[in-house]
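Worksheet: one structure, shown below.
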Amino acid sequence: MVDEDIGARRSALAEAADILADLIRGGSRTICFIKSRKAVELTTKLVQDKLRDTDLGERIAPYRAGYTPQQRRDIEGRLVSGELLAVITTDALELGIDIGALDAAVVVTFPGTMASLKQMWGRAGRRGRGLAVYIAGEDALDQFLCREPDQLLERPVESAILDYESEQIHLAHLLCAAHEAPLTDADAEALGPRWRLHAEALEARGELRQVRGRFVLAAPEDYPAARVSLRSASPDTFAVVDVSSGELLGTVEAARAFSTVHDGAVYLHLGRSYEVTELDVESRRALVKPFTGDWYTQPKKETDTWIEELLDRRDVLGCRLSFGRVSVAETVMAYQRKRLPDHEIIDLVALDLPLTEFSTQALWYELPDEIAADGFPREALLGALHAAEHAQIAVLPLLAMCDRWDIGGLSTAGHQQTGGPTIFIYDGHPGGVGITRQAFLRFEELVTDAATLIRDCPCESGCPSCVQSPKCGNLNEPLSKRGALELMRRMLAK
Ligand SMILES: [Zn+2]
Ligand SMILES: [Zn+2]
């Protein structure tokens, strides 16, 4: 902590540079994982500065996307031979680097899931012994893990979620399977219990046809796998094109395009920053250029949820908890530019974008009067609900293998369908991939973790390490840390 009042912490990069310099002086072969390319470069420079009195500075290299395969092999070879002592890299490359085991692995800020943290740590352990370091950032989950180190070391790696019940995913995968071989009952075990039903639906849509009781692709030259993204169920995407090179960087799901690649957005891809120069809604394309400024952007949006189908329900912690399908309607109204590293607001820029709507899975819970009204100040209610929602989303990655950025939320003092105070937590991927079902099943743990997160944060009235969220569509207004704690305390007393 460098400023108790605003809860400001020393930069994780400066902390990393100290540790790296010590490891290098001690002759340890080290790999360091950092989220963004800019941070990789900055940290490399910080470490080199610290080692100026030695000739070790040349034995550190940044390792990043954009190197040619030859350059990559060269760095890998120098590291294996011991000529290089440390490599600092973006985590985007964690799977591609071929260097064997090292003496130490340093991970700067939580990489999003326990599984990837353990994978990065696994790089250390040459000769059966290794040092694994995790340097926490200011994010809520980072700070939670710091205060609850047992959670970090003893919690089983999250279950990777693949929701076999998601119709959208299943349909797309059946098409891919049909590309490999005709679908028949002989493969029913692999294709799932509802395969025939879904194959018939695809036949009705003209995508499959039946030949002697076997389902084949209606268009045999089609390659359906090209339309299936590994991360999500939605095939509808926007292309992101770097205008400086003409290169296609990747795609963004249509449902998320307006909030991530709107005009003026700063967009991170493989650890590199880009600024969106134009979002072309008609041709589903975002044009971007490399970005070197010192700000980031946060969209302000209006969100509405509508319950479409109730799939499961239980009474828990004094609330009525439901799981089902909802449609989420979103309008991105504006975006805020915020300065790094102090998050100071530069300005708010208005946007004119159409409403988007997608259907997904969600959990929602209704708070009864004895929790949300009885002696609970009315004016604090919305801030309390909102802060509780943020804290629960922050710790959800501990239960399901997902990133906070995969999840959305909405809290309201009176929802049009439930009629009372309600908190929604929804899957940000159209169709849903099972994240919120996991949270529905383990709701007691979710609330316990969220309450611990808020209770143990040393800040006075809420900070980025507890109730503030970097992706809040309401720009973190209103938030009541104390109110959220009181709500959850009442729930957990039930
Ligand atoms: Zn705090
Ligand atoms: Zn929010």
> What nm distance separates the two modelled labels at GLN151 and THR448, each placed 7 Å from Cα along Cα→Cβ?
Replying inline: 1.2 nm
> For LEU492 and VAL211, what does the FRET efficiency come to when R0 = 56 Å and r is the distance between their Cβ atoms, rounded to the nearest 0.05?
Replying inline: 0.45
> For the residue pair GLN417 and ARG482, what label-to-label distance in nm results when each label sits 7 Å from Cα along the Cα-to-beta-carbon direction?
Replying inline: 3.5 nm
>> Can you work out the Karplus-derived ³J(HN,Hα) for every residue in region 203-218? Use 6.51 cos²θ - 1.76 cosθ + 1.60 with θ = phi - 60°, whole Hz, and x for glycine or proline.
In response: 5, 5, 7, x, 9, 10, 9, 9, 10, 6, x, 10, 8, 10, 5, 5
>> Using 0.36 nm times the number of residues separating ARG10 and TRP405, minus their current alpha carbon distance, what extension gain do you get?
In response: 139.8 nm
> Under 18 Å from the Cα of LYS338, which lysines turn up, not counting those fewer than eight places away in the same chain?
Replying inline: LYS38, LYS300, LYS301, LYS471
> Cysteines of the chain lacking any other cysteine beta carbon under 4.7 Å?
Replying inline: CYS32, CYS146, CYS176, CYS319, CYS402, CYS472
> What nm value, rounded to one decimal, do you get for the distance between LYS45 and SER81 when each label is placed 7 Å out toward the C-beta?
Replying inline: 2.9 nm
> Where both partners of a DSSP beta bridge lie in the chain, what percent of those bridges are antiparallel, to the nearest 5?
Replying inline: 75 percent
> Which FRET efficiency value, to the nearest 0.05, do you get for GLN71 and LEU248 by plugging their Cβ-Cβ distance into 1/(1 + (r/R0)^6) with R0 = 22 Å?
Replying inline: 0.50
>> Under the rule that an exposed site lies in a DSSP loop and has at most 12 other Cβ atoms within 10 Å, name the longest stretch of the chain with no GluC sites (Glu not before Pro) of that kind, not counting the sites themselves.
In response: 84-220
> Relative contact order, percent, of the chain when contacts are C-alpha pairs under 8 Å separated by at least 6 residues?
Replying inline: 13 percent
> Sequence-distant or interchain residues sharing an amide H contact under 5 Å with ASP222, placed H: which?
Replying inline: none
> Once amide H atoms are placed 1.01 Å from N in the peptide plane, what residues at a sequence separation of 5 or more from ILE346, or on another chain, have their amide H within under 5 Å of its amide H?
Replying inline: ARG337, LYS338, ARG339
> Tell me, in nm to one decimal, what length is gained between VAL281 and ARG455 on full extension, where the rule is 0.36 nm per residue of separation less the Cα-Cα distance?
Replying inline: 58.3 nm
>> Using alpha carbons only, how many angstrom separate the centre of region 350-374 from the centre of region 405-451?
In response: 8 Å
> For region 297-492, what size does the Cα cloud have along each of its three principal axes, sorted from largest down, in whole Å?
Replying inline: 44, 38, 32
> Seen from all sides and averaged, what is the projected area of the convex hull of the Cα atoms in the chain, in nm²?
Replying inline: 26.2 nm²
> How much length, in nm to one decimal, is gained on full extension between GLU309 and ALA101, taken as 0.36 nm per residue of separation minus their Cα-Cα distance?
Replying inline: 69.9 nm
> So what is Rg over Rh here for region 309-408, counting just Cα atoms and using Kirkwood for Rh?
Replying inline: 1.03
> Which ³J(HN,Hα) values in Hz, rounded to whole numbers, follow from the phi angles of region 411-419 under the Karplus curve 6.51 cos²θ - 1.76 cosθ + 1.60, where θ = phi - 60° and Gly and Pro get x?
Replying inline: 10, 9, 6, x, 7, 4, 8, 7, x
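Values quoted throughout were computed directly from the atomic coordinates according to the rules given, and no laboratory measurement underlies them. Because the structure is predicted, anything quoted here is derived from the model rather than measured. Positions of Cβ are generated from backbone atoms using ideal geometry, with glycine treated the same way; all protein chains shown enter the neighbour counts.
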